[in-house]
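A short write-up of the structure that comes next.
The values are calculated or read from the model by the stated rules, or taken from the named source; none is laboratory data. Keep in mind it's a predicted model, so treat the numbers as computed, not measured. Note that we place each Cβ from the backbone using ideal geometry, even for glycine, and neighbour counts take in every protein chain shown.
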Amino acid sequence: MLKAISLSNVTNRRISIWNINDLIAWLKSNPPDLDSMFQVSRHLAILLLLASGRRIHDLTLLAISGSYFQDFGSWMVFWPKFGSKTDRSSYRQSGWKISENDDKSVDIIKWIRILISLSEERRHGAPDLDSPVHII
């Protein structure tokens, strides 16, 4: 009886969800230092997560070597390595197709190229990092 009474007075509580436009505005007004691999990586990671809707862990499955990465100029495709939460022997995560954005502050293609350029010296200095190379 008491449970029924408490259920009859249920109030709909709205859960506060952050506004994606606030984050995009922050990204646009706070560009990363182009000499900082950390800041460029952070900026790119946020953009990849916003664009893909994937899990944070899935960023560790992205690489820019071999069959994991294809660059077609105005668009790119990442083929994640095996290891996603949903991967199993009969199913693997689909590729991530990324297209250019007119707004260069949030253009993922631009930021991938910047990160590849910034990390080039580090990657070639350590042979173990050259195959495969993690993007983030």
Need pairs with beta-carbon distance below 6 Å; first residue in a strand (DSSP E or B) and within the stretch 91-111, second of a type in the set (Val, Ile, Thr); sequence gap 6+ or separate chains. LYS97/VAL77; ILE98/ILE108
ASP87 being charged (D, E, K, R), at pLDDT 90 or above and more than 17 Å from the chain's Cα centre (by Cα): no
Consider the stretch 55-81. How many of its residues are out of contact with any helix residue (DSSP H, G or I) (no Cβ under 8 Å at 6 or more places or on another chain) and more than 22 Å from LEU118 (Cα to Cα)? 2
Test result for ILE98, surrounded by 15 or more Cβ atoms within 10 Å (Cβ to Cβ), of a type in the set (A, V, I, L, M, F, W, C) and at pLDDT below 80: no
State whether one or more residues within the stretch 48-69 are surrounded by fewer than 16 Cβ atoms within 10 Å (Cβ to Cβ), in contact with a strand residue (DSSP E or B) (Cβ under 6 Å, 6 or more places away or on another chain) and assigned to a strand (DSSP E or B). no
Inspect the stretch 50-73 for any residue being in contact with a Lys or Arg (Cβ under 7 Å, 6 or more places away or on another chain) and among the aromatic types (Phe, Trp, Tyr) and give the result as yes or no. yes
Of all residues in the stretch 70-80, which are assigned to a loop (DSSP other than H, G, I, E, B) and either surrounded by 18 or more Cβ atoms within 10 Å (Cβ to Cβ) or without any contact (Cβ under 8 Å) to a residue 24 or more places away in the chain (or both)? PHE72, GLY73, TRP79, PRO80
So, in the stretch 31-47, how many residues would count as being part of a loop (DSSP other than H, G, I, E, B) and among the hydroxyl-bearing types (Ser, Thr, Tyr)? 1
